[in-house]
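Trainee: Below you'll find the structure I mean.
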Amino acid sequence: MMDDLRKNARITSFDVAERAGVSQSTVSRALSGSGVISDATRQKVMNAASEMGYFVDERAARLRRGHTGTLAVVVICMPGGRARDVNPFSYALLGGICAAAADLGLEVLVSLQAEEDKLFGHYVERGQAEGLIVIGTTANRPAWEYFRDIGVSAEATGAPVAYWGSPLGDLDRVLSDNDVGARAAADHLIEKGAKRLVCIGSKGTPQRQFAERVEAFLAQAHSRGVEADLIEIEPADARRDQGRLAAHKLLEQHPECDGVFAVCDALAFGVLETLQAAGKTVPGDIRLVGFDGIPASEMTTPALTTIEPDLDMAGRMLVEAVAGVVTAEETKSQKARPKEQRVPVKLIERASA
């Protein structure tokens, strides 16, 4: 008979109550962990629920308590781009966010957004999520301006929003320790014997982190008495293409270069391809270091030496920045957090440098 019940009807808490010989309200209290229910009664309810295959609808329970148990993550993309065109770093960071959310028992609602007329960020106001995290390409400025406005309105309503790598300085909440990472890249190349360095990046790019890396790398090289020049990246559809263009400039303008720091791994991939196509060996002729530590950096030939931010910690910082509304104590700590937090980085030495 019980098999027929499972097949023909959705089991409810009323069915469990009848099976356990208690009221439906007792079932609700027992399964929610209420302290007013005795251990014996709670066990009776748990046994009945297990026998009947009844599971608590956690989402509905959270909603009744005023929480969705969900965080929204928007990945800003290039207009006209596809999911495969998203920077691998964004996917790696998204993984860190999802892992951190899972540790807190939270689910993640992910939205890839690009087109200006289709942007949406009012997840908290509509009761779909408890907080919003925004990551993605810095090249889509209209999208960042839209989500800045979302953040401004959220401050008035108390809806938490956190950002990674915004081109708008007032939005940055969590980002890499770019100064430490770029200086480590300069030190590594110098200690490996490089005497003429080139940094491939930009001081004027919307990607604020690139400018920080450029400035720190050049400053560290000069402080150690080593010549270092900057090759500004040119506009292109993809970072890899920008790396290719920069590498052609490198070969034409800096033939004596023996050490290169590309301010992100995707740039470094394009640099590596172009150098090898021109007959240069890496690291024999030119040593190469990237930044971001994306998984694909292990797959290049040779494998790329890179500066790797702790993306697990980055995910935790972003999640904690918006998940502090769950309890009053967490809300207080949320308000006390600094506006900007830096994620520690480390140099991962591989064959390219």
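Trainee: Taking θ as phi - 60°, what are the ³J(HN,Hα) couplings along the stretch 14-20 by the Karplus curve (6.51, -1.76, 1.60), each to the nearest whole Hz, with x for Gly and Pro?
Mentor: Values per residue, Gly and Pro as x: 5, 5, 5, 4, 5, 5, 7 Hz.
Trainee: Next question, about the same structure. Which listed residue (PHE120, SER166, PHE217) has the Cα farthest towards the positive end of the charge dipole for the stretch 91-233, taking +1 on Lys and Arg C-beta and -1 on Asp and Glu C-beta about the Cα centre?
Mentor: Farthest towards the positive end: PHE217.
Trainee: May I ask you to list the GluC sites (Glu not before Pro) in the stretch 203-292 that are in a DSSP loop and have at most 16 other Cβ atoms within 10 Å of their Cβ?
Mentor: Passing both the DSSP loop test and the Cβ count: GLU256.
Trainee: If you don't mind, there's one more thing I want to ask. Return the single residue from ARG29, ARG240, ARG148 with maximal mean-square fluctuation; model: Gaussian network over the chain, springs between Cα atoms under 10 Å.
Mentor: Result: ARG29 has the largest fluctuation of those listed.
Trainee: Follow-up. Can you compute the charge dipole magnitude of the chain about its Cα centre, using +1 on each Lys and Arg Cβ and -1 on each Asp and Glu Cβ, nothing else charged? Give it in debye, rounded to the nearest 20.
Mentor: My answer is approximately 680 debye.
Trainee: If you build the Cα gyration tensor of the stretch 96-167 and take the root of 5 times each eigenvalue, what three semi-axes come out, in whole angstrom, biggest first?
Mentor: Calculated on Cα positions only, the semi-axes equal 20, 15, 11 Å.
Trainee: VAL108's amide H: which non-local residues (gap 5+, or another chain) put their own amide H closer than 5 Å, with H modeled 1.01 Å from N in plane and none for Pro or chain starts?
Mentor: Distant-sequence amide H within range of VAL108: LEU71.
Trainee: Using 14 Å as the cut-off for backbone N distance, which residues of the stretch 216-249 belong to the label zone defined by a point 7 Å from the Cα of LYS203 along Cα→Cβ?
Mentor: Taking a point 7 Å out along Cα→Cβ of LYS203, the residues of the stretch 216-249 whose backbone N falls under 14 Å are 216-220, 222, 228-233.
Trainee: Taking 7 Å along the Cα-to-C-beta vector as the label spot, tell me the GLN24-ARG126 distance in nanometres, rounded to one decimal.
Mentor: For the pair GLN24/ARG126, the computed spacing is 3.1 nm.
Trainee: To the nearest 20 debye, what is the magnitude of the charge dipole of the stretch 76-200 about its Cα centre, counting +1 on the Cβ of each Lys and Arg and -1 on the Cβ of each Asp and Glu?
Mentor: 600 debye
Trainee: Name the most mobile residue of ALA262, ALA49, ALA184, meaning the one with the largest mean-square fluctuation, in a Gaussian network model of the chain with Cα contacts below 10 Å.
Mentor: ALA49
Trainee: Another one. Using a 1.4 Å probe on the protein heavy atoms, what percent of the accessible area of the chain belongs to carbon and sulfur?
Mentor: Carbon and sulfur atoms account for 50 percent of the accessible area of the chain.
Trainee: Then there is this: Rounded if a/c is under 1.5, else prolate if a/b is larger than b/c, else oblate: which is the stretch 159-259, with a ≥ b ≥ c the root eigenvalues of its Cα gyration tensor? Before the final figure, lay out each step's value.
Mentor: Details: a/c = 2.89, a/b = 1.48, b/c = 1.94.
Taking the square roots of the gyration eigenvalues as a ≥ b ≥ c, the stretch 159-259 is oblate.
Trainee: Using unit Cβ charges (K, R positive; D, E negative) and no other charged atoms, how large, in debye to the nearest 20, is the dipole of the stretch 70-141 about its Cα centre?
Mentor: Dipole magnitude for the stretch 70-141 comes out near 200 debye.
Trainee: Taking 30 Å as R0, compute the FRET efficiency from the Cβ-Cβ separation of LYS192 and ASP312 and round it to 0.05.
Mentor: Efficiency for this residue pair is about 0.60.
Trainee: Efficiency by 1/(1 + (r/R0)^6): what FRET value for GLU116 and ALA296, r their Cβ-Cβ distance, R0 = 30 Å, to the nearest 0.05?
Mentor: Once the sixth-power term is evaluated, E becomes 0.50.
Trainee: Largest first and in whole Å, what are the equivalent-ellipsoid semi-axes of the stretch 178-223 based on the Cα gyration tensor, each being the root of 5 times an eigenvalue? Intermediate values should be presented prior to the final figure.
Mentor: Values: eigenvalues 75, 20, 12 Å².
Equivalent ellipsoid of the stretch 178-223: 19, 10, 8 Å, largest first.
Trainee: Calculate log10 I(q)/I(0) of the stretch 229-271 for q = 0.20, 0.21, 0.25 Å⁻¹, where I(q) comes from the Debye formula with a single equal point scatterer on each Cα and nothing for solvent.
Mentor: Each listed q maps to, in turn, -0.53, -0.59, -0.82.
Trainee: State the answer as a single residue: which of GLN276, ILE231, VAL319 lies farthest towards the positive end of the charge dipole of the stretch 211-330, with beta carbon charges of +1 for Lys and Arg and -1 for Asp and Glu, about the Cα centre.
Mentor: The residue sitting farthest along the positive end of the dipole is GLN276.
Trainee: Moving to a separate point now. For TYR163, which sequence-distant residues (separation of 5 or more, or a different chain) have an amide H within less than 5 Å of its own amide H, given hydrogens modelled in the peptide plane?
Mentor: The list, which skips near neighbours in sequence, is VAL134, ARG173, VAL174.
Trainee: Further question: Let me have the 222 nm mean residue ellipticity of the chain computed from DSSP H runs of 4+ only, each contributing -39500 (n - 2.57), with the sum over all residues rounded to the nearest 500.
Mentor: Helices in the chain give a 222 nm mean residue ellipticity of -14000 deg cm²/dmol.
Trainee: In addition: Report the full-extension gain for the segment SER38 to THR281: residue separation times 0.36 nm, less the Cα-Cα distance, to one decimal in nm.
Mentor: 80.2 nm
Trainee: Let me ask something additional. Give me the one-decimal nm value for the distance between modelled label points at LEU104 and ALA238, 7 Å along each residue's Cα-to-Cβ direction.
Mentor: Between LEU104 and ALA238, the simple spin-label model gives 3.5 nm.
Trainee: Next question, about the same structure. Given an 8 Å cut-off on Cα distances and at least 6 residues of separation, report the relative contact order of the chain as a percent. Walk me through the numbers before you get to the answer.
Mentor: Working: 648 pairs, mean separation 54.9, N = 353.
Relative contact order here is 16 percent.
Trainee: Looking at the P(r) of the chain, how many percent of alpha-carbon pairs lie beyond 33 Å?
Mentor: Summing the P(r) of the chain above 33 Å gives 43 percent of all pairs.
The values are calculated or read from the model by the stated rules, or taken from the named source; none is laboratory data. These numbers were taken from a predicted model, which means no experiment stands behind them. All Cβ positions, glycine included, derive from the backbone under ideal geometry; neighbour counts span all protein chains shown. With ligands, DNA and RNA removed, areas are computed over all heavy atoms of the protein, side chains included. Shrake-Rupley method; radii C 1.70, N 1.55, O 1.52, S 1.80 Å.
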